[in-house]
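Encoded as structure tokens, the structure appears first; notes follow it.
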Amino acid sequence: MALSWRFLEAAPDAVVISDSEGTIVEVNGQAERLYGYSRDELLGSKVELLIPERLRGAHVTHRGAFMSEASFRPMETKIPLYGRRKDGSEFPVEVSLNPVPTGLGLRVVAAMRDVSERRRLEAAAHAADELMRQAVEIQEDAFAVFDRHGLLVLHNGAYRALMPDSLKGPLKGRSIAEIVERTTAASSFESEEASALFRARYLEALRTESGTDPVFLFHDGRVFRVTRRCTQNSELVVTIADRTEDERGVEALRRASAAKTEFLSAMSHELRTPLHAILGFASLLMRDRRTPLADRQREMVQHILEGCDHLMHLVDDVLDLSQIESGRMMLSTERVDLRVVLSEVVTTLRPDALRAGVSLHLAPCADDLPAVFADRSRIAQVLKHFGSNAIKYGRPGGRATFGAERTGEGLVRLSVDDDGVGIAEEWHSQIFQPFQRAGQEMGPVEGIGIGLALSQRLASLMDGRVGFRSAAGEGATFWLELRALEEAVPVR
């Protein structure tokens, strides 16, 4: 008896022994601790004492049914069972019942286990699974996860919707190879070889993680972008986005951009012809010695010449921009002495600067300033745009300084620094975009806003770059960087 008692006390679960009438005849220490009753309080009480009051009536019926066909019943979690402590609190339990015949009659040994923590963890896991399911389901793109063996373990409704009619029924457990084969087979191909080649490429792309997401064009006109990533446990996460409408929109924009470029090019050519005629006849009027113009007339013709010259430069810029965008811009590269180019640009812009009350200066260049291998006229064109802006947005009595210096990266930087109105920060991100004009708050300023955009594209064609620094009211510095000749490669 003493040995049996030690076994009972050593049991990890609460043990309650009752007779055929449901009266408790023995308990172990675990039962006392679990329910909060002492051994003396439990002995002689009905087992219903340990059951919530709302369930006691039904339990008496269940107990009678069990005793009529008494047999071992293991712990199970299918039916939720609850215990009640002395303080009235309830908790979920698992119970196993084992009828044992004795000399004193049938005894029922009940082993009871508090599963509160397990139920809490199960509820948390279920909530996490439900959250994951909803997070996956609300994605507009098709989403699927394959295990390391290539079997589908998770997907959303959008992925299901991509599947053909031949893939009816549950998808979970199907292999990636089967899904790809059925999916691609649903599209029409000109031959079985083409279908097999497409299927092999599609399957390989799904299995291979790379930095570039492949785009697949199906023969029914649909376009899909496939993103795939591998987890630390080698699961494959696949996202398939239908980009059919996006691609159509991109193609429409591409056609519109090409049409715009062609229009600008054609318009520029058409404008140049009458402009040349106006410039030519105005020049003849200025030089006509037989019937010389009066001073007032000469002044008006001079305005015509200046206006036409300005318009011709705008037309040339538009034509250059359209040629760059269409890929037809040709460069004439040569060894360029930057000192000479800077001097020529300053000389060209000085009359405009004098009229605006802005003084132009050429900063001394270092003796070892290297030459560059680029298009001389395009370098001058970029610097003229920088200089023209320094004049247009300068203050009367202000100054603009042209300079060049070697940087520590094998580059030469040509810069135009002014003390004008500067550029507000909100314009910084747009300053090199076509037809964007900062500084309009000053009033009407000549130009259509393509000079800086053209300068950036010309710099890129010469394997260089442009940039600036500025703040409102503090002037601006624009610069062009090109590779020094000793490191330069001929630009094609």
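The values are calculated or read from the model by the stated rules, or taken from the named source; none is laboratory data. Since we're looking at a predicted model, the values are computed, not measured. Here the Cβ positions follow ideal geometry from the backbone for every residue, glycine too, while neighbour counts run over all protein chains shown.
Please verify whether the range 118-133 includes one or more residues that are in contact with an Asp or Glu (Cβ under 6 Å, 6 or more places away or on another chain) and of a type in the set (A, V, I, L, M). No - not one qualifying residue is present in the range 118-133.
Against the numbered list (1) under 16 Å from Asp463 (Cβ atoms); (2) of a type outside the set (Ser, Thr, Tyr); (3) in contact (Cβ under 8 Å) with a residue 24 or more places away in the chain, Leu383 comes up short only at (1). Cβ-Cβ contacts under 6 Å between residues 6 or more apart (or on different chains), taken from a first residue in the range 459-474 that is without any contact (Cβ under 8 Å) to a residue 60 or more places away in the chain to a second residue that is hydroxyl-bearing (Ser, Thr, Tyr), are listed as Arg469/Thr477. Checked across the range 62-83, the condition of being farther than 13 Å from Ser20 by Cβ, in contact with a strand residue (DSSP E or B) (Cβ under 8 Å, 6 or more places away or on another chain), touching a residue at least 40 places away in the same chain (Cβ under 8 Å) and assigned by TED's automatic domain parsing to the domain that holds Val16 holds for at least one residue.
State whether the residues of the range 380-390 include one that is loosely packed, with under 15 Cβ neighbours inside 10 Å, farther than 22 Å from Glu474 by Cα, in contact with an Asp or Glu (Cβ under 8 Å, 6 or more places away or on another chain) and in the same structural domain as Ile450 (by TED's automatic domain parsing). Even if it seems obvious, please write down each step before you answer.
Going residue by residue through the range 380-390, those that are loosely packed, with under 15 Cβ neighbours inside 10 Å are none.
No, that holds for no residue.
Quick grid of which residues meet (1) part of a helix (DSSP H, G or I); (2) at pLDDT 80 or above; (3) under 27 Å from Ala404 (Cβ atoms); (4) of a type in the set (D, E, K, R):
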| residue | (1), (2), (3), (4) |
| --- | --- |
| Arg290 | no, no, no, yes |
| His310 | yes, no, no, no |
| Gly327 | no, no, no, no |
| Leu331 | no, yes, yes, no |
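You will find that of Phe143, Phe224, the residue that is hydrophobic (A, V, I, L, M, F, W, C), modelled with pLDDT of 80 or more and assigned to a strand (DSSP E or B) is Phe143 and no other.
Kindly evaluate Arg207 against the criterion of being modelled with pLDDT of 75 or more, basic (Lys, Arg) and surrounded by fewer than 17 Cβ atoms within 10 Å (Cβ to Cβ). Criteria not met by Arg207. The requirement of being among the basic types (Lys, Arg) and out of contact with any helix residue (DSSP H, G or I) (no Cβ under 8 Å at 6 or more places or on another chain) is fulfilled somewhere in the range 90-112, by at least one residue. Looking at the range 65-123, which of its residues are charged (D, E, K, R) and under 21 Å from Leu43 (Cβ atoms)? Arg84, Arg85, Lys86, Asp87, Arg107, listed by residue number.
In the range 352-366, is there at least one residue being surrounded by fewer than 19 Cβ atoms within 10 Å (Cβ to Cβ) and at positive phi? Among the residues of the range 352-366, at least one is surrounded by fewer than 19 Cβ atoms within 10 Å (Cβ to Cβ) and at positive phi, which makes the answer yes. If you filter the range 381-428 down to residues that are in a strand (DSSP E or B), within 20 Å of Ala366 (Cβ to Cβ) and among the hydrophobic types (A, V, I, L, M, F, W, C), you find that the one that is modelled with the lowest pLDDT is Leu411. Of the residues making up the range 46-91, those that are of a type in the set (Ser, Thr, Tyr) and over 56 Å from the mean Cα position of the chain (by Cα) are Thr61, Ser68, Ser71.
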